[in-house]
Amino acid sequence: MNLAIDFGNTRVKAALFNGHQLVEAKAYNSIKDLISDVAFYTKADRCIIGSVVNTPNEITDTLSNLMKLNFFMAETPIPLKNSYKSALTLGSDRLAAAVGAYSVYPTKNVLVIDSGTALKFNFTNANGEYLGGAISPGLQMRFKALQHFTDKLPLISLNENYDKLIGESTEESILSGVINGILNETDGVINEYKKLYPDLTIVISGGDTDFFAKRLKNRIFAHPHLVLTGLNEILIYNS
């Protein structure tokens, strides 16, 4: 059994795979929560770790005595041609998501939208070449930025049911601005890609997958565990 772990800016995600098949996926609020879930990770005999933060020593100390550990680094071989110009600064989550999408949609032009702390666009062409994409503030980051960089605007939580264009209060105005702004931005980016690649396949992943899947105007495929899938594919590729 393979264990894939993704350390993000907000949460820790982990999944068990039987070969290429996803068996179970979990999300944790802290490294301690993951370490305490002994029954979950002890099912695996090898593990791959991807991280956009410094990998905590606690997890390596815990797992190194239980299974073979692999770390996804910039120099790790992958089943894609990486044409990103600053490969050493490319986030492991972005590249893993691209690998995951390529494993599901080989020979396709695929745009992956990873909706987490940041909103990330990652494009792989039909020849299996990762070209790059874009990084933008995610949903929660936009709410927090409005509160942090102003004197009087409050911190507003996402209201999943809000669907107005015209906000009739300060709270509604923030909801309208953030929700309509991020949706129109995302659909706009997709439309620009479709001008270049009319046969484009669009995949959404990450913690806010459901939010985008229900609201985007473009046809998309939802794969919330795409980064973990990509990490598992990289682990298999290097075995």
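The values are calculated or read from the model by the stated rules, or taken from the named source; none is laboratory data. Predicted model, so just to flag it, every value in this text is computed and none were measured. Virtual Cβ from ideal backbone geometry, glycine too; neighbours counted across all protein chains shown.
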Write out, first by first residue and then by second, each pair whose Cβ atoms fall under 9 Å of each other, whose residues are 6+ apart or on separate chains, and whose first residue, in region 191-213, is closer than 23 Å to L139 by Cβ while the second is among the basic types (K, R) and part of a strand (DSSP E or B).
G206/K120; G207/K13
Quick check on my filter: what residues within region 115-136 are of a type in the set (D, E, K, R) and either closer than 11 Å to A97 by Cβ or surrounded by 18 or more Cβ atoms within 10 Å (Cβ to Cβ) (or both)?
K120
Which numbered condition A15 misses (of (1) over 16 Å from the mean Cα position of the chain (by Cα); (2) more than 25 Å from G132 (Cα to Cα); (3) touching a residue at least 40 places away in the same chain (Cβ under 8 Å))
(1)
Look through region 203-239, keep the residues that are β-branched (V, I, T) and more than 14 Å from the chain's Cα centre (by Cα), and return whichever of them is modelled with the lowest pLDDT.
I220
As an exercise: evaluate S157 against (1) of a type in the set (G, A, S); (2) closer than 28 Å to R94 by Cβ; (3) not in a loop (DSSP other than H, G, I, E, B) and give the number of the one condition it does not meet.
(3)
Considering every residue within region 43-54, establish whether at least one is among the charged types (D, E, K, R) and closer than 13 Å to F7 by Cβ.
no
Can you find, within region 50-72, the residue that is farthest from V12 (Cα to Cα) among those that are exposed (fewer than 13 other Cβ atoms within 10 Å of the Cβ) and of a type outside the set (S, T, N, Q)?
D61
Go through region 66-122 and give me each residue that's closer than 22 Å to V53 by Cβ, in contact (Cβ under 8 Å) with a residue 40 or more places away in the chain and over 17 Å from the mean Cα position of the chain (by Cα).
M67, N70, T76, I78, N82, Y84
